[in-house]
Amino acid sequence: MAHDEIVDRYSQLARAAAAGQAIADCGPDAFEQGCFGAAGYDDTSALPEAAVRASLGCGNPVAVAELRTGESVLDLGSGGGIDVLLSARRVGPHGKAYGLDASPDMLTLARRNTEQAGVHNVEFLLAAIETIPLPNHTVDAVISNCVINLSSDKAAVLAEAFRVLKAGGRFGVSDIVADHVLNPELRAAAEQRIGCVAGFLTVDGYRDLLLTTGFVDASITLTADHGDGVHSAIIQATKPAISPGLEIRPMRDTDAQQVLAIYQAGLDTGQASFETTAPSWEGFTAAKLPHLRYVATDTETGQVVGWVAASAISARPVYAGVVEHSVYVHPGCQAHGIGRALLTAFIAATEDTGVWTIQSGVFPENHASLSLHQALGFRVVGTRERIGRHHGVWRDVIFIERRSTTAGN
């Protein structure tokens, strides 16, 4: 079903709800068996009846996102406004709740429900969830209730969610997933049965898309069973945290010049590596794992101020979960917590991807690097004495590693 057809379908449902019809009829017992509706919420007693009638969700993303007083939150596919109103209550008068929907009829219904509820810290936006009309770094949380599965471009949805989130912001949605790839017949039957007209991702596919976008700490918890391996699920992830004015995101080819310049500046100190000259970008990318490389950037200028990346230590399958990493910070931006934020995000990403050991070698004279790594759970394994000559001088290297408490156990 095309985007316009989806909008038309939900516009019809909005008009039905506005006319007093119940477009979802799902009690608590039925909800546990996979029905959609307002039964997934703990308390809707203070909400307008039309908002409850229009609920077509598969969970309670407001609770999932752990909203706090004073925060801002965006609901993707806000429908009749039930999650926006609940969010507005959670964040309080000093917070703000945005609702975004592509259906003008749904927004009309949501605005009417908001007025009836007497809620003022709310703003509704008319747009598709793939093109969010908000500036970068606007909200503390993005929520959604069984809507992302309707999009034919889920990568664009997650990229937009990542863009509008502040550093450290939370992604907490209810959605539909499959625990394995379904054959075409079963997929068509499931989509017809539960109304996910644009398809749904597998659990692994959803997690991979979150990580590719730049999210970390990704978790997918299956809830209601819709049969044939299809489930409602709670999906949670975070945008890496860093100081205001900065952002951590996946490294891109367009970052090449700045990444290599920072690399060279680190090598020029004589304390970062036995290498003396940064490689070409082709050499750099060939040596680094594509899914474990991040940059810290200035949100105003886009300037790269630091990076972290990993290399595989061996092609042998037994070492599939062991990587060697490097972290470099622009010489003019050190002592601002950038290295710590990059390394923290990197560790979270390795946990998400099943890495059980991160290792590296550090010169004994590089006290700042040793202190940072030990503060984040690395231990000293030993010292490799006089392991190599650097500028004509024999150097020792301290071998450090961090073992995951979850991956590989």
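Between A320 and S219, the modelled label-to-label distance comes to 2.5 nm, taking each label 7 Å out from Cα in the direction of the beta carbon. P(r) tail, the range 57-132: Cα-Cα pairs separated by more than 14 Å, 54% of all pairs. Which whole-angstrom value gives the distance between the alpha carbon centres of the range 245-318 and the range 60-82? Centre-to-centre distance over Cα atoms comes out at 36 Å. Given +1 at the Cβ of Lys and Arg, -1 at the Cβ of Asp and Glu and no other charges, the dipole of the range 246-403 around its Cα centre is 500 debye to the nearest 20. Please report, to two decimal places, log10 I(q)/I(0) for the range 246-403 at q = 0.09, 0.10, 0.16 Å⁻¹ as given by the Debye formula with identical point scatterers on the Cα atoms and no solvent. Scattering profile of the range 246-403, log10 relative to I(0): -0.27, -0.34, -0.93.
For K239, the lysines whose Cα falls under 16 Å of its own Cα, not counting residues fewer than eight places away in the same chain, are K166. Taking the average, over residues, of other Cβ atoms within 10 Å as the packing measure, peptides 76-89, 336-349, 136-149, 268-281 rank 76-89, 136-149, 336-349, 268-281 from highest down.
Taken together, the values in this text are just the output of simple stated rules run on the coordinates, not laboratory data. Treat the numbers as computed from the prediction; the structure is a model and nothing was measured. Cβ coordinates were reconstructed from backbone atoms using ideal geometry, including for glycine residues, and neighbour counts include every protein chain displayed.
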